[in-house]
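A quick write-up on the structure given underneath.
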There are 2 protein chains.
Amino acid sequence: MDEQIYQKIARNTADDCITCPEERHCLWRTDPLSDSAGTEPATGFKHMRFTPGQAVVMAGYHFPYAATIRAGTASLTRSLSDGRSQIVGVLYPSDIFNSRPALASKYTITATTPLELCCLSEASLQHRLETEKALSRRLLERKLHDLQEARDWMFVLGRKTALERLASMIYTVAERYSHRRQRSPVGVELSLPLARHEIADYLGLTPETVSRNFARLRAAGILSTNSARLITIWNMRALMEATGNDEDGGPIF
Amino acid sequence: MDEQIYQKIARNTADDCITCPEERHCLWRTDPLSDSAGTEPATGFKHMRFTPGQAVVMAGYHFPYAATIRAGTASLTRSLSDGRSQIVGVLYPSDIFNSRPALASKYTITATTPLELCCLSEASLQHRLETEKALSRRLLERKLHDLQEARDWMFVLGRKTALERLASMIYTVAERYSHRRQRSPVGVELSLPLARHEIADYLGLTPETVSRNFARLRAAGILSTNSARLITIWNMRALMEATGNDEDGGPIF
DNA sequence: CGAATAATTGATCGGTATCAAGCTACGTGG
DNA sequence: CCACGTAGCTTGATACCGATCAATTATTCG
């Protein structure tokens, strides 16, 4: 897959960062404190859309852009030829992937909801990394955060029970979307970014076990499942307790 | 714990980067292509030693240095108050940790063998990040590598069997130390960086299960255990196959 | 409305945890 | 140098959680 193919996918020929819903958190934004602030309008972006289930990159292939998510969610998946697969990261709006576009991707990246990307070519990325001093620092901060997230999830996969894993995922999603979730009279309604089999691959479980543990959370009155993706959390406190995490992350003696 | 306490631990008052075994791979080295090359000799380092089992930092506490490993190994551990714990990373010579010394550590960092660190204070780190252009790029590359390692390990924890996990760990260690491992007439002898209970915490298993699977690898003639830490690998190919990984990491259709 | 796909529920199996008992290696002191 | 004690490692018996296989129900989409 080369750059030409992706040219055809691009829907927005004009750069519309001004109307971008993620403009404030976008890594590609020109820093107001930067030397080039104002002198050079944001340029060189390519916007792409993908439908749920559609692969953005296949493992082992080359995707010639570094990208941020404008809207929707995507998954990073590591697979084995025997069919086992594990989602090693879920990407939400403002997240970055493929930060070294020159190298082949080690993961398959798949849209899990309707997805909009904002892409920057290898050349543009290199140019901006050299001219915008703050960009590499911002990128480093972001990747340090991703690293911490990955390591936190290693604990979930290595040491938590099925119920704790599911509760952990739902709680994380609820926190991630806390600024935009819908409040119904009593509960908190939210749309999960993953289908059941994707949740299973994220939690290191089977879809059946995920289903059974949704049933347990329902039976405990913690949440209800309105449709496959849509749930209402009735007791956020109990959900938090079901994650198995300590009350506060403070030091332990 | 503040800087004064760590002053006392420091054994080497002089900067001996010239004699450092990791000098070639050290992140703190002054880049020969850098602007300040030669003008400013490496300075501001503090060397520390720790004995096996000794904690370098406790989770929730502050360690006022960014550090690289000169010699030995250390573990990054995430723990819960109910006793569950998971090693989320093993640090080898030339690895970096605590790259944001201003923040409290989320992990407990423990020496798993006799450990020698080369530490750089927050102030020195900031200074070097600002004056040495290449440093932040090198640090970013390093952290992107760590992130990939963490995600690869997520697959191990989420989807592999006990035997595959153990084989994966041993194979990784064998690769890591391939440049310095001892070759006996037939086998490859190597010293594991972790004790059994630490291996268990790294693999998301119990020490009993780890032991049983060492027995299985022994029975298969793949390796022998000379002492708790020292093993001889007789069949590297079979060990690789026991990891469950695909032959090559290429794309799958 | 009907077909295909996804999700749920049920029954059984198996792998790893747990509980318990030796064993081994190492350090300490006589 | 050896007796002893301790901690870590190994091995055994049993239990349980989640996987697997199978059937049913729900949902989505043409």
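Laboratory data are not the source of any read-out in this text; all were calculated from the coordinates shown. Source: prediction; values computed, not measured. Neighbour counts run over all protein chains shown; Cβ positions are idealised from the backbone, glycine included.
Structure above, values below:
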{"quantity": "Cβ-based charge dipole, segment B:161-242, positive-most Cα from B:S227, B:N213, B:A200", "calculated": "B:S227"}
{"quantity": "Phi to ³J(HN,Hα) by Karplus 6.51 cos²θ - 1.76 cosθ + 1.60 over segment B:98-109, Hz, x for Gly, Pro", "calculated": "6, 6, 10, x, 6, 9, 5, 6, 7, 10, 7, 10"}
{"quantity": "Zero-based 10 Å bins, Cα pair distances in segment A:162-242, whole percents", "calculated": "19, 59, 21, 1"}
{"quantity": "Under-5 Å amide H pairs with A:A71, H placed in peptide plane, nonlocal only", "calculated": "A:E116"}
{"quantity": "For residues of A:158-166, the mean tally of beta carbons on other chains within 10 Å", "calculated": "4"}
{"quantity": "5 angstrom amide H check on B:F63, placed H, neighbours 5+ away", "calculated": "B:S105"}
{"quantity": "Across A:K133/B:K46; B:K106/B:K160; A:K160/B:K160; A:K46/B:K133; B:K106/B:K143; A:K106/A:K143, pairs whose alpha-carbon gap is larger than 22 Å", "calculated": "A:K133/B:K46; B:K106/B:K160; A:K46/B:K133"}
{"quantity": "Spatial separation of Cα centroids for segment B:195-248 and segment A:186-238, in angstrom", "calculated": "37 Å"}
{"quantity": "In order through segment B:232-242: 3J(HN,Hα) via Karplus (6.51 cos²θ - 1.76 cosθ + 1.60), integer Hz, x for Gly, Pro", "calculated": "10, 8, 9, 9, 5, 4, 5, 4, 4, 5, 5"}
